[in-house]
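Working notes, beginning with the structure itself.
Where a number appears in this text, it was derived from the coordinates with a stated rule and is not lab data. A quick note: this is a predicted structure, and the numbers were derived from the prediction, not measured. Backbone-built Cβ (ideal geometry, glycine too); neighbour counts: all protein chains shown.
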Amino acid sequence: MGWLAELDRGLFDLVFPRDCAVTREPMDDEDSSHLSAAGAALLPRIGDPRCLTCGHPFEGILEGDRACPHCLDLRPAFGRAVCAFRARGPARRIVHRIKYERCPFLADDLASAAVEDEVFRRHLAGSVLVPVPLHSARRRDRGYNQAERIAGRLASLVAGCRTETLLGKQHETVSQTRLGRQERRNNVAGAFVLADGKSVDPARRYVVIDDVLTTGATLHACALALRKAGAECVDAAALCHG
Ligand SMILES: [Zn+2]
């Protein structure tokens with residue numbers, strides 16, 4: 001997939017002058033990214049305090065015991081999820097371009113900006129990153145799996161990380177975007193399995209990686225598949241919290 005993405009990037013840069021994905025200002029010639037420092041500073045970064053289960057910022061809405069409205073009824077198979085950005089404004093726009101506008105290279109830039117969050121980076125350190133799989137037909141249509149691209153970039157930037165495509169998606173699910181919480185959970189239940197010929201090492205820590213965490217249903221279903229395969233320590237991370 002590497003060559004295809006690089007080809008995409010080359011064509012894209014040829015057709016459009018390389019601008020920052022956020023500020024639209026022209027990028028430095030030496031810098032091969034599509035996100036300037038000024039653009040990265042405008043991304044809606046999640047700070048502390050944040051929910052210890054789903055990573056949503058508390059933003060002063062809650063006091064006392066943990067009761068995050070975003071994961072209140074989720075009993076996730078993952079221990080903790082951390083997200084770097086809210087899926088709003090420029091971060092949401094970048095994710096949309098990654099998924100639907102054939103801009104997989106923006107996944108590199110958003111992942112690089114994500115690891116500037118120390119909480120996010122420490123959450124990944126030393127673990128095996130497992131991208132949420134796409135169904136093979138969807139992957140063929142899109143030409144890449146954005147979660148794989150994100151996991152690959154994160155693994156190259158964070159100490160002791162590597163990525164393994166351990167999971168497969170055995171049947172296509174309808175788009176989650178218009179579904180409610182329970183519907184999302186039903187939609188993805190049982191969709192993910194350990195890929196043929198793969199195995200997990202119970203001594204390793206696995207972190208399931210996705211572009212966006214919305215209800216946590218997809219990351220939960222992936223974590224469940226890893227646990228069924230014998231993984232004992234499973235967490236999750238997404239670039240954005242929806
Ligand atoms: Zn939460």
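By its C-alpha gyration tensor, with a ≥ b ≥ c as the square roots of the eigenvalues, how is segment 187-237 shaped: rounded for a/c under 1.5, else prolate for a/b larger than b/c, else oblate? Since a/c reaches 1.5 but b/c is at least a/b, the shape of segment 187-237 is classed as oblate. Under the combined filter of DSSP loop state and at most 14 neighbouring Cβ atoms within 10 Å, segment 17-58 retains these trypsin sites (Lys or Arg not before Pro): ARG24.
The fewest-to-most ranking of HIS34, HIS70 by surrounding Cβ atoms within 10 Å reads HIS70, HIS34.
Overall shape: rounded for segment 74-201, with the ratio a/c of the largest to smallest alpha carbon gyration tensor axis below 1.5. If both residues of a DSSP beta bridge must be in the chain, then about 25% of such bridges are antiparallel. Restricting the trypsin sites (Lys or Arg not before Pro) of segment 164-204 to loop positions (DSSP other than H, G, I, E, B) with no more than 12 neighbouring Cβ atoms within 10 Å leaves ARG178. When the helices of the chain are scored as -39500 (n - 2.57) per DSSP H run of n ≥ 4 and the total is divided over every residue, the value at 222 nm lands at -10500 deg cm²/dmol.
Semi-axis lengths, largest first, of the ellipsoid equivalent to the chain are 27, 22, 17 Å, with √(5λ) applied to each eigenvalue of the Cα gyration tensor.
Put in line by how crowded their Cβ is, counting other Cβ atoms within 10 Å and starting with the fewest, LYS99, LYS228 read LYS228, LYS99.
For ARG80 and SER136, the difference between the fully extended length at 0.36 nm per residue and the C-alpha to C-alpha distance is 17.3 nm.
Using the Cβ-Cβ distance between LEU72 and GLU118 with R0 set to 30 Å, the FRET efficiency from 1/(1 + (r/R0)^6) comes to roughly 0.65. With a Förster radius of 22 Å applied to the beta-carbon distance between TYR100 and GLU183, the computed FRET efficiency rounds to 0.50. Taken one residue at a time, the phi angles of segment 226-240 give Karplus couplings (6.51, -1.76, 1.60, θ = phi - 60°) of 5, 5, 4, 7, x, 5, 9, 10, 10, 10, 9, 8, 9, 5, 10 Hz. Gly and Pro are set to x.
Distance between the modelled labels on VAL174 and GLU59, one decimal in nanometres: 2.9 nm (7 Å Cα→Cβ projection). Scalar couplings 3J(HN,Hα) for segment 149-165, obtained by applying the Karplus form with A = 6.51, B = -1.76, C = 1.60 to θ = phi - 60°, are 4, 5, 4, x, 5, 4, 4, 6, 9, 10, 4, x, 8, 9, 10, 9, 8 Hz; x denotes Gly and Pro.
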